Amino acid sequence: MDREPAAPAGHRGPRRPWTGRRPGRHRSQDRTAGRDRSRAVVAVGMVWRIGRDRRPETRAWPGHRCSRAPNQGIHDVKAQANPRGTLAKILDPISIDAFVRESFGKRPLLIRGQPGKFDFLMKPSRMIFGLDKVTEIRCVFGGLKQATIDPADIREMYEAGATICVTDMQLAHRSLRTAARNVRREIGFAGRVDFRAYLSPPSSGFDFHYDARTATTLQLDGEKTWWYATSPHTMFPTENSARTDMAAVRRAVARQTIRKVTLYPGDLLCLPPGVWHKARAGGGGSLALNMAFNHSGATVGDVLVDALKASLAGMPDAMRPFVTGANRAGAAELEPHIAACIAALRDTLASLDGKRIASRLASVADEAEPT
């Protein structure tokens with residue numbers, strides 16, 4: 001298993017989350033920031049244990065620059081500044097064309113950045129806002145046992161050692177909603193792009209699994225160590241891996257080449273669908289955004305199936321419910337109806353134009369964001 005070189009001596013450890021104060025401001029200037037804002041900052045403090053185990057800072061990890069381990073691999077790069085476009089900022093310095101051509105849906109991509117790189121999407125201190133608007137909040141324990149919770153339960157579950165997973169963060173933050181729309185257009189993606197937040201207590205994480213989507217982790221705060229396969233176990237799965245037989249999962253993982261890396265604030269890790277991976281937060285906890293490219297409903301197969309369904313929609317033979325009887329004697333009566341449907345499907349397939357379908361898929365990204 002490939003391992004990331006150890007951090008050099010003097011490495012200052014995980015970044016401390018922002019406490020709500022701005023550099024150069026007196027404490028009294030922040031007291032009148034508003035009831036809701038104060039309550040939110042307190043909530044962040046409770047989750048991150050600010051003021052309990054460490055001294056609050058006026059800004060997150062002052063003057064920190066994360067050390068980067070050398071020779072990470074040909075796809076590990078250091079970020080630069082001033083790109084154009086939302087996805088270009090996220091991928092900097094990798095171009096969108098290179099991302100699509102060499103990585104997207106094919107192999108993992110690791111991009112090293114600097115703290116604050118993703119602040120234009122969402123600052124760590126804003127994570128707690130708007131959680132009443134999101135689709136779902138889950139608490140997940142190490143063995144992938146999970147449950148749906150309310151925002152009021154976050155502190156209790158976090159302190160019990162669960163990772164807090166928030167789905168559809170773009171519903172709570174306009175900046176993420178705009179980013180999801182822009183990314184979809186900039187990459188020409190026909191599926192749905194959404195953002196999820198993962199708040200992990202110290203030394204917690206997930207066991208090995210794979211996802212049915214392209215998952216791009218954007219490390220906002222703290223640090224998290226990842227173990228991931230260098231190639232997909234299965235290409236473009238239609239659902240996430242089963243979580244019941246972990247012995248079978250470990251056997252499958254043992255046949256893969258596994259790589260280990262640690263993400264620091266500003267780093268990005270993009271994993272194709274079907275790639276085995278697990279993660280564990282560092283000693284100071286971790287906060288990350290996950291930008292998910294959801295493939296369901298946006299594949300060539302989906303377009304073809306939709307066309308075939310449409311061709312059968314007006315056929316009584318296709319819409320007919322069937323009853324074969326207790327002894328299945330009625331099955332023979334279905335044969336002519338099935339034959340008529342097959343003939344209609346053949347006619348539909350013969351009439352399909354690959355060029356027209358490709359043009360249709362290319363234009364989907366410019367339409368309204370699917371729900």
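The values are calculated or read from the model by the stated rules, or taken from the named source; none is laboratory data. Note that the structure is predicted; figures quoted are calculated from it, not measured. Cβ: placed from backbone, ideal geometry, glycine included. Neighbour counts: every protein chain shown.
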Worksheet item: Restricting attention to the range 236-255, does a residue exist that is in contact (Cβ under 8 Å) with a residue 60 or more places away in the chain, under 27 Å from Gly85 (Cβ atoms) and crowded, with 19+ Cβ neighbours inside 10 Å?
Response: no
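Taking the stated definitions as given, is Met291 in contact (Cβ under 8 Å) with a residue 40 or more places away in the chain and either surrounded by 14 or more Cβ atoms within 10 Å (Cβ to Cβ) or of a type in the set (A, V, I, L, M) (or both)? Walk me through it before giving the result.
Values: in contact (Cβ under 8 Å) with a residue 40 or more places away in the chain: yes; either surrounded by 14 or more Cβ atoms within 10 Å (Cβ to Cβ) or of a type in the set (A, V, I, L, M) (or both): yes.
Yes.
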Fill in: Qualifying position, being touching a Pro at 6+ places or on another chain (Cβ under 8 Å), surrounded by fewer than 21 Cβ atoms within 10 Å (Cβ to Cβ) and closer than 27 Å to Arg155 by Cα, among Gly283, Gly297
Gly283
Discussion item. Consider the range 340-365. How many of its residues are among the aliphatic types (A, V, I, L, M) and assigned to a loop (DSSP other than H, G, I, E, B)?
Written reply: 2
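For the range 176-203, how many residues meet the condition of being closer than 19 Å to Met127 by Cα and crowded, with 18+ Cβ neighbours inside 10 Å?
12
Could you go through the range 335-345 and let me know if any residue there is of a type in the set (Val, Ile, Thr), over 30 Å from Lys145 (Cα atoms) and surrounded by fewer than 12 Cβ atoms within 10 Å (Cβ to Cβ). Lay out the reasoning, then the answer.
Just the residues of the range 335-345 that are of a type in the set (Val, Ile, Thr), to begin with: 338, 342.
Subsequent filtering for residues that are over 30 Å from Lys145 (Cα atoms) retains 338, 342.
Now drop any that are not surrounded by fewer than 12 Cβ atoms within 10 Å (Cβ to Cβ), which leaves 342.
Scanning the range 335-345 turns up at least one residue that is of a type in the set (Val, Ile, Thr), over 30 Å from Lys145 (Cα atoms) and surrounded by fewer than 12 Cβ atoms within 10 Å (Cβ to Cβ).
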Worksheet entry | Any hit, the range 212-221, residues being in the same structural domain as Leu271 (by the TED database), surrounded by fewer than 21 Cβ atoms within 10 Å (Cβ to Cβ) and either part of a loop (DSSP other than H, G, I, E, B) or of a type in the set (Lys, Arg) (or both) | yes
